[in-house]
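Chemist: Can you read through this structure? Questions will come right after.
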Amino acid sequence: MLTLSSQSDSLTATAKQGAIWGVGHSVTLFIFSLILVGLKIEINESVFITFECLVGLALIFMGISVITNYKKVSANKTKNKNNSRCRVTNENKLPLKAFSIGLLHGAAGSGVIITIITTKIESISLKFTYIALFSLFLIISMALLSILMSMPLQRKMSIFPMRYLNIGIGTMAVLVGVKMLYEFSLQMNALLSI
């Protein structure tokens, strides 16, 4: 989420991105819930592990994007300070990106949440009520978390130049993505050896 927050110009836009990420996560959670709980169809664990791999790849891509696009964005901001048309075009792409990442992240994490729900709650209506409440609070918390994470990015920090902060954010995203890919390889090896 921090990689998306670093690309936003305002706290309102950042909160919107966080909420949209939460909506994407919730949509995937509901889809998997309908399949696993409502239709009582089992999905192999390797499907969720594969989605985690895709999240790792997305993190690597987003991290590289933050690092390489910072110079372009900085140049465009100073060049087009009064051009609101350029700003609207860039901000319109971010909600779709946040929704897509939320969908992918929801697919990776849905297996664990649904497993907990199915083993602890008996009633189907209670299961879907829990998922609805979980989704609502996820959307709210992601909007708030996005604001909190982006507050240092919104301030003009003269001590620590923004380019270094963006390079750090991008690098951390790449490293987390690489770690997820490594864990994916270990999990797939364990599944295949069974």
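The values are calculated or read from the model by the stated rules, or taken from the named source; none is laboratory data. Note that the structure is predicted; figures quoted are calculated from it, not measured. With ideal geometry, Cβ positions are generated from the backbone for all residues, glycine too; neighbour counts draw on all protein chains shown. These area figures cover heavy atoms from the full protein model, side chains too; ligands, DNA and RNA do not enter into them. Shrake-Rupley method; radii C 1.70, N 1.55, O 1.52, S 1.80 Å.
Chemist: Only one of these is at pLDDT below 70, touching a Cys at 6+ places or on another chain (Cβ under 9 Å) and either more than 30 Å from residue 45 (Cβ to Cβ) or of a type in the set (A, V, I, L, M) (or both): 92, 80. Name it.
Modeler: That would be 80, the only listed residue that is at pLDDT below 70, touching a Cys at 6+ places or on another chain (Cβ under 9 Å) and either more than 30 Å from residue 45 (Cβ to Cβ) or of a type in the set (A, V, I, L, M) (or both).
Chemist: Does region 134-143 contain at least one residue that is outside any helix (DSSP H, G or I) and not hydrophobic (A, V, I, L, M, F, W, C)?
Modeler: no
Chemist: Further question: Out of region 93-122, which residues are under 30 Å from residue 69 (Cβ atoms) and β-branched (Val, Ile, Thr)?
Modeler: 101
Chemist: Does residue 23 qualify as being open to solvent by 40 Å² or more (accessible area, probe 1.4 Å), out of contact with any strand residue (DSSP E or B) (no Cβ under 6 Å at 6 or more places or on another chain) and modelled with pLDDT of 90 or more?
Modeler: When the stated conditions are applied, residue 23 passes them.
Chemist: Kindly provide the set of residues from region 152-191 that are modelled with pLDDT of 80 or more and either farther than 23 Å from residue 61 by Cα or of a type in the set (Ser, Thr, Tyr) (or both), ordered by number.
Modeler: Selection gives 171, 182, 185, 189, 190.
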